[in-house]
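Take a look at the structure set out below.
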Amino acid sequence: MAASVGNYDYIFDWEFQTDGLINVKVGLSGMLMVKGSPYHQAPNQDAMSGPLISENLIGVVHDHFVTFHLDMDIDGANNSFVNVNLVKERSLPGESPRKSYLKAKRKIAKTEKDAQIKLKLYDPSEFHMINPSKRSRLGNPTGYKIVPGGTAASLLDHDDPPQLRSAFTNNQIWVTPYNKSEQWAGGLLTYQSRGDDTLAVWSERDRSIENKDIVLWYTLGFHHIPCQEDFPVMPIVTSGFELKPVNFFESNPILRAAPAFEKDLP
């Protein structure tokens, strides 16, 4: 799908693979937002509000955020959100020549605030949506996990009017109970909003989300510092995420998949 929003074109690709993985990509292109400048050459980059990208034109420094409303329904409507945190454990003295090892600790989110996630490179986690009542032959709950790609976080103050309207960017992951009136992260009328009808406001109710019909929200972002190559038409910039099965299949589902072409048949 392609969507033209203002001066930008957004391209959304959903790829459904035979191994059960869903790969989501977002591409950005279009015309840059620029403003006039008296300069033909940049006198002092530090003194300018943005980079000079052509004679008398400054490229406005800006962000893009795209939020996905993912009504997962893993093997039914009653789902839970699990934060699988990877932690370092120290080896006991004399136990091993190794000093440390890794351990996965699972925590099921009880309420919405438990599932407000800011991604951290040095505090890694996996984020699973599971159905606790559906189990594999080994007893693992059936599920899917979201695998974030490159993303960004807003640097604006939380009480800045634009950030009040886009408070859904304060976290990269949210989980809320399903509500058909809560579909737009920025509210129904974003440009007329004062920030009182957003995902962040709904989630402040801190409703129960364990073993419920819940929605996973994921926001990917782009910081954009324009350069000369972006003018007049910007080359496509991409990012994305994956939805990957976790114990959803009893084994690798591609092992019994039919060949794609007749010549590949045995």
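The values are calculated or read from the model by the stated rules, or taken from the named source; none is laboratory data. None of the values given here were measured: they were computed from a predicted structure. Positions of Cβ are generated from backbone atoms using ideal geometry, with glycine treated the same way; all protein chains shown enter the neighbour counts. Each accessible area value is taken on the protein alone, full model and side chains, heavy atoms only, with ligands, DNA and RNA left out. Shrake-Rupley method; radii C 1.70, N 1.55, O 1.52, S 1.80 Å.
What are the ³J(HN,Hα) values, in whole Hz, obtained from phi via the Karplus relation 6.51 cos²θ - 1.76 cosθ + 1.60 with θ = phi - 60°, for each residue of the range 238-255 in sequence order, with x given for Gly and Pro?
10, 7, x, 7, 10, 10, 10, x, 10, 6, 6, 10, 6, 7, 4, x, 7, 5
Taking 8 Å as the Cα distance limit and 6 or more residues as the minimum spacing, I'd like the relative contact order of the chain as a percentage.
The value is 28 percent.
Rounded if a/c is under 1.5, else prolate if a/b is larger than b/c, else oblate: which is the range 70-192, with a ≥ b ≥ c the root eigenvalues of its Cα gyration tensor?
oblate
Along the charge dipole of the chain, which of 139, 40, 231 sits closest to the positive end, that is, farthest toward it, with unit charges on the beta carbon of Lys, Arg, Asp and Glu (+1, +1, -1, -1)?
139
Of all trypsin sites (Lys or Arg not before Pro) in the range 175-211, which ones are in loop regions per DSSP and have a Cβ with at most 10 other Cβ atoms within 10 Å?
Here the trypsin sites (Lys or Arg not before Pro) that fit, given the DSSP loop and packing criteria, are 180, 194.
Work out the P(r) tail for the chain: percent of alpha carbon pairs separated by more than 36 Å, whole number.
29
log10 I(q)/I(0), Debye, Cα-only the range 1-158, no solvent, q = 0.11, 0.20, 0.21 Å⁻¹?
Reported log10 I(q)/I(0), two decimals: -0.74, -1.37, -1.42.
Assuming 0.36 nm per residue, please report the length gained on full extension of the stretch residue 96 to residue 120 beyond their Cα-Cα distance.
Roughly 5.7 nm would be gained on extension.
If DNA, RNA and ligands are ignored and the probe is 1.4 Å, what is the ranking of 233, 60 by accessible area, most exposed first?
233, 60
Scan the range 34-127 for chymotrypsin sites (Phe, Trp or Tyr not before Pro) in coil per DSSP, keeping those whose Cβ has at most 16 other Cβ atoms within 10 Å, and list them by number.
39, 122
With θ set to phi - 60° and the Karplus curve 6.51 cos²θ - 1.76 cosθ + 1.60, what are the ³J(HN,Hα) couplings of the range 142-158 in order, to the nearest whole Hz, using x for Gly and Pro?
So the Karplus estimates, Gly and Pro as x, are 5, x, 9, 10, 9, 10, x, x, x, 8, 9, 10, 5, 9, 6, 4, 5 Hz.
What does the charge count near residue 214 come to, summing +1 for each Lys or Arg and -1 for each Asp or Glu among other residues with Cβ under 11 Å from its Cβ?
Net local charge, residue 214 excluded: -3.
Calculate the spin-label point distance for residue 63 paired with residue 16, positioning each point 7 Å from the Cα along the beta-carbon direction, and give it in nanometres.
3.3
Within the range 101-119, what residues put their amide N at less than 13 Å from the label point 7 Å along the Cα-to-Cβ vector of residue 207?
Hits in the range 101-119 for residue 207 at 13 Å: 111-113.
Say R0 is 22 Å: what FRET efficiency, to the nearest 0.05, do residue 252 and residue 147 get from their beta-carbon distance?
So the FRET efficiency works out to roughly 0.80.
Which ³J(HN,Hα) values in Hz, rounded to whole numbers, follow from the phi angles of the range 69-83 under the Karplus curve 6.51 cos²θ - 1.76 cosθ + 1.60, where θ = phi - 60° and Gly and Pro get x?
Residue by residue, the range 69-83 yields 9, 10, 8, 6, 6, 6, 6, x, 8, 8, 10, 9, 9, 10, 9 Hz.
What is the sum of charges, Lys and Arg at +1 and Asp and Glu at -1, for the other residues whose Cβ falls under 15 Å from the Cβ of residue 140?
Charge balance near residue 140 sits at +3.
Could you list which residues have their amide H under 5 Å from that of residue 33, counting only those 5 or more apart in sequence or on another chain, with H placed in the peptide plane?
When sequence neighbours closer than 5 places are left aside, the close amide H contacts are 60.
Starting from the range 58-153, pick out the trypsin sites (Lys or Arg not before Pro) whose DSSP state is loop and whose Cβ has at most 12 other Cβ atoms within 10 Å.
Counting only loop positions with at most 12 other Cβ atoms within 10 Å, the trypsin sites (Lys or Arg not before Pro) in the range 58-153 are 98, 99, 118, 120, 137.
If the only charges are +1 at each Lys and Arg Cβ and -1 at each Asp and Glu Cβ, what is the size of the charge dipole of the range 1-112 around the Cα centre, to the nearest 20 debye?
So the magnitude is around 900 debye.
What number does the range 1-87 give for Rg over Rh if you use C-alpha atoms and the Kirkwood radius?
1.20
Using the structure shown, select from 180/244; 134/180; 107/244; 25/110; 105/145; 145/212 the pairs with a Cα to Cα distance greater than 27 angstrom.
Pairs exceeding 27 Å: 25/110.
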